[in-house]
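I have placed the structure first, in the form of structure tokens, so that the comments after it can refer back to it.
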Ligand code: ACO
């Protein structure tokens, strides 16, 4: 499994993974907006189709067993979609990043992929885009994600946003300070 920066070619596979894994979905325009505005803030975890390893890679996207393959013959098994906060009305003018969405396909979970995707994203938001901190929202009931953010990555809960989600579930609004490496 490879973790690398996401490209425009990956967006279909990322959207497919998002639709499979989460009820919060976005338009292709919004994915594109992330990559065009902050090309180094989003990452994918991919594997290659073993049947293609000794052949030429196809140059078009294709679907096999419900998995979306990119033009490179890779399938997207996880992604993180990151951005800088660009809300002109935001109270806090400190440059900071935001994790819009993270997910890993079910059969590839508990292998450390989300942890690695998040660390790449946080590093890039800090080093490339000078984010001083990064924020995100997560459902109160999402134990796996909460464990990752709070215990593994040391995010802190800043507030509870009541009925944040469409089905009225509350969100934890979480934040982690970022420091530039030497
Ligand atoms: N229950 C408890 N802890 C868990 C679980 C679980 N189900 N899954 C992972 N963890 C822990 C791991 O043990 C590990 O902890 P450790 O550092 O103490 O060893 C840590 O979380 C990270 O584990 P990873 O293997 O890196 O996580 P994984 O690749 O399985 O992905 C994720 C975690 C992204 C939450 C995955 O379960 C998923 O895709 N869920 C559905 C989508 C989702 O909820 N996304 C997050 C929404 S919030 C947002 O997008 C901003």
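Quick notes on this one:
- Qualifying residue in region 138-152 (condition: assigned to a loop (DSSP other than H, G, I, E, B), near the ligand (Cβ under 9 Å from one of its atoms), under 17 Å from residue 104 (Cα atoms) and in contact (Cβ under 8 Å) with a residue 24 or more places away in the chain): no
- Residues located in region 102-125, provided they are out of contact with any strand residue (DSSP E or B) (no Cβ under 6 Å at 6 or more places or on another chain), under 10 Å from residue 78 (Cβ atoms) and buried (at least 20 other Cβ atoms within 10 Å of the Cβ): 103
- Matching residues, region 145-182, being over 18 Å from residue 81 (Cβ atoms) and in contact with a helix residue (DSSP H, G or I) (Cβ under 9 Å, 6 or more places away or on another chain): 152, 156, 157, 172, 179, 180, 181
- Those residues of region 86-114 which are more than 15 Å from the ligand (Cβ to nearest atom) and either under 14 Å from the mean Cα position of the chain (by Cα) or touching a residue at least 24 places away in the same chain (Cβ under 8 Å) (or both), in sequence order: 86, 94, 95
- Hits in region 153-176 - residues which are in contact (Cβ under 8 Å) with a residue 40 or more places away in the chain and farther than 14 Å from residue 98 by Cβ: 165, 166, 167
- Residues being closer than 22 Å to residue 85 by Cβ and either without any contact (Cβ under 8 Å) to a residue 40 or more places away in the chain or outside any strand (DSSP E or B) (or both) - total across region 33-53: 10
- The set of residues in region 153-172 that are within 11 Å of the ligand (Cβ to nearest atom) and surrounded by 11 or more Cβ atoms within 10 Å (Cβ to Cβ) comprises 153, 155, 165, 171, 172.
- Residue in region 115-125 that is under 26 Å from residue 47 (Cβ atoms) and within 6 Å of the ligand (Cβ to nearest atom) present: yes
- Of all residues in region 3-32, those satisfying the criterion of being free of Cβ contacts under 8 Å to residues at least 40 places away in the same chain, more than 14 Å from the chain's Cα centre (by Cα) and part of a helix (DSSP H, G or I) are 8, 28, 29.
- The listed residues are 175, 83, and the only one of them that is buried (at least 21 other Cβ atoms within 10 Å of the Cβ), more than 9 Å from the ligand (Cβ to nearest atom) and outside any helix (DSSP H, G or I) turns out to be 83.
Here, each number is a calculation from the coordinates, and none is a lab measurement. Owing to the predicted nature of the structure, the values given are computational and were not obtained by experimental measurement. Heads up, the Cβs are rebuilt from the backbone with ideal geometry, glycines too, and the neighbour counts pull from every protein chain shown.
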